[in-house]
Amino acid sequence: MNTRGVNTQATDTADVIVIGGGTGGYSTALRAAALGLDVVLVERDRIGGTCLHRGCIPSKAMLHAAELVDGIAEARERWGVKATLDSVDWAALVATRDDIVARNHKGVEAHLAHAGVRVVRGSARLTGARTVRVEGAGSTPEARADSTLGAHAGSTPGAQSPSVPGVYDFTARRGIVLATGSRPRVLPGLEPDGRRVVTSDDALFAPGLPASVLVLGGGAIGVEYASFHRSMGAEVTLVEAADRIVPLEDGDVSRHLTRGLKKRGIDVQAGARLLDAEVLENGVRARVRTVRGETRTVEAERLLVAVGRVPVTEGLDLAAAGLTTDERGFVVPADWNRLRTAAPGIHVVGDLLPPPALGLAHASFAEGLLVAETLAGLRPAPVDYAAVPRVTYSSPQTASVGLSETEARARGREVEVNTMPLTAVAKGMVHGGGGMVKVVAEAGGGQVLGVHLVGPNVSEMIAESQLIVGWDAEPSDVARHVHAHPTLSEAVGEVFLTLAGRGLHQQ
Ligand code: FAD
């Protein structure tokens, strides 16, 4: 230690060193610690990562507020409730959102401390296949405050999270886990300025709500932000280069979602390209080539760029362990069953993984469990990405699991498909707003290959379908079970009844 109290060099060991404290990293750390391993978790920003601070949680909090706003219009227009919307107090909305984030953040920090994970604050890089250097190191304030819990029973005697800033070298007895996540993709010539040209990160911390938005990118993030801003009263244009929005979903999902968004007044332009964008004092002026080949000028207060995310590996020095990324920046596992890289002992989880991994927080939880259990010497089942649900929390929502009809046919499966509008069941009529259930199964009563939902609350309805797909069930297995009446999920039950040859309300 030097005279200013800065640790210039110190060394320590742990069973497992996790780099990155997002959902992938902290789930790995929690499970590994629960299995008795001594774990160091390095995070340079805030535990919780993208999902907790800039992704899933703040965006879903905002979308909940958007649902309340939409509910006022529905109450007035459909139900004779004489309510009007006064205004949305953005600062108050942000305060509630940030309180939810802060409470979750505190909760995760407490879980880690309780589990005995040594949380080290700083930027980590590999120095070998078993060694990591952390600069700017120091334990988190939370871990220091609870130092009795910070020391793990199995750790080096007296070992605690380092509390002095400096450089720390760690050696991993069992393995290193890369969990450094992703950040928004930026398009050349369209660099975000945080005011007029923004990413999903900037949109959270904007000073107010815009009156008009041009959203570039029709994936889940772009669609959710388009939906949110429309609920908040903005004029919204959504531009997607692929020939349909949510292009990774079943074609019927894209169709129903497009219809629902258009009905709400969102100008959905699929198969369209942004030609250029000029930043003005009060907004942006963009030229868009539509699918019909026309050039349209769109003026908006804000241009929200949501064209995907790129893995974060800068400064990680993968080469020190003999690793590289692929051309898209992903760390490709040599063994997908164990999520182990080409360097023995180094594993990878979360948004660093290329497809078929999904870039979703709940998938990263499953990856964290898998890697932790592997490092503890267990033999967990590989992550079955085909059975992981995918949700877009817009209005209407989409939720799906398994193969789309096109994917199933492309794999040479002979399929049978049944589709039902949600308004065919009473609860769907109560909700209004359309939506559908589509099930893709192997012909002749075979395995269920995919379930695709659009409509209100379908994010909460997909859970049974993930079990159906994950457990390789057949329609007749599902048709034996009774769905509550009246519910939206009755429509799911009805589609399975039909596929099992026992349709009640449809043939
Ligand atoms: P991250 O959460 O990005 O965490 C990586 C961490 O590593 C960061 O905290 C970073 O500071 C740290 N780090 C990086 N490099 C270093 C280093 N060298 N040293 C130390 N620390 C380092 N997913 C869902 O499942 N549901 C949703 O509803 C959903 N909504 C989303 C909405 C938005 C707007 C966005 C942007 C994403 C959303 N996602 C959602 C995706 C989800 O957030 C990610 O899949 C998930 O956060 C990935 O977790 P991760 O652990 O791989 O990475």
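The values are calculated or read from the model by the stated rules, or taken from the named source; none is laboratory data. Fair warning: this is a prediction, and the values are worked out from it, not measured in the lab. Backbone-built Cβ (ideal geometry, glycine too); neighbour counts: all protein chains shown. Note: areas computed on protein heavy atoms with side chains; ligands, DNA, RNA excluded. Shrake-Rupley method; radii C 1.70, N 1.55, O 1.52, S 1.80 Å.
In percent, rounded to a whole number, the relative contact order of the chain is 14, using alpha-carbon pairs under 8 Å and six or more apart.
Shown for segment 186-307 is the translational diffusion coefficient from the Stokes-Einstein equation, using the Kirkwood radius over Cα pairs, a temperature of 10 °C and a viscosity of 1.306 mPa s: 112 µm²/s. Counting only residues at least eight positions apart within a chain, or on another chain, the lysines with an alpha carbon under 29 Å from that of Lys438 are Lys60, Lys262, Lys263, Lys427. Backbone geometry of segment 382-392 corresponds, through the Karplus equation with coefficients 6.51, -1.76 and 1.60 at θ = phi - 60°, to 3J(HN,Hα) couplings of x, 6, 8, 4, 5, 9, 8, x, 10, 10, 10 Hz, x marking Gly and Pro. Rounded to the nearest 20 debye, the dipole size of the chain about its Cα centre is 280 debye, using +1 on the Cβ of Lys and Arg and -1 on the Cβ of Asp and Glu. Viscosity 1.306 mPa s, temperature 10 °C: give me the Stokes-Einstein translational D for segment 396-499 in µm²/s, with Rh taken as the Kirkwood radius over C-alpha pairs. Rounded, D is 118 µm²/s.
Rg then Dmax, both in Å and based on the Cα atoms of the chain: 24.5, 82. Charged neighbours of Leu318, selected by a Cβ distance under 12 Å, balance to -2 (K, R count +1; D, E count -1).
Taken per residue, the accessible surface of the chain reaches 44 Å², heavy atoms only and a 1.4 Å probe.
Taking amide H as placed 1.01 Å from N in the peptide plane, Leu304 has its amide H under 5 Å from the amide H of Val198, Leu214, Val215, Leu216, each at least 5 places away in sequence or on another chain. Compute the long axis of helix 90-115 from its Cα atoms, compare it with the longest principal axis of the Cα atoms of the chain, and write down the angle in degrees, 0 to 90, nearest 10. Once rounded, the angle reads 50 degrees.
Surface composition of segment 396-499: carbon and sulfur make up 51 percent of the accessible area, probe 1.4 Å. Accessible surface for Asp477 stands near 60 Å², nearest 10, in the context of the full protein assembly shown (1.4 Å probe). Taking all protein chains in place and a 1.4 Å probe, what share, in percent, of the accessible surface of segment 210-271 do carbon and sulfur account for? That share works out to 51 percent.
Using mean Cβ contacts within 10 Å as the protection proxy, how do 323-334, 124-135 order, highest first?
124-135, 323-334
For segment 330-335, the Karplus equation 6.51 cos²θ - 1.76 cosθ + 1.60, evaluated at θ = phi - 60°, returns couplings of 7, 9, 8, x, 7, 10 Hz by residue, with Gly and Pro reported as x. Within segment 264-403, the ratio Rg/Rh, alpha carbon atoms throughout and Rh by Kirkwood, equals 1.10. Calculated mean residue ellipticity at 222 nm for the chain: -9500 deg cm²/dmol, from DSSP H runs with n ≥ 4 weighted as -39500 (n - 2.57), summed, divided by the residue count and rounded to 500. Dipole check for segment 186-307: with +1 at the C-beta of Lys and Arg, -1 at the C-beta of Asp and Glu, and the Cα centre as origin, the magnitude is about 460 Debye.
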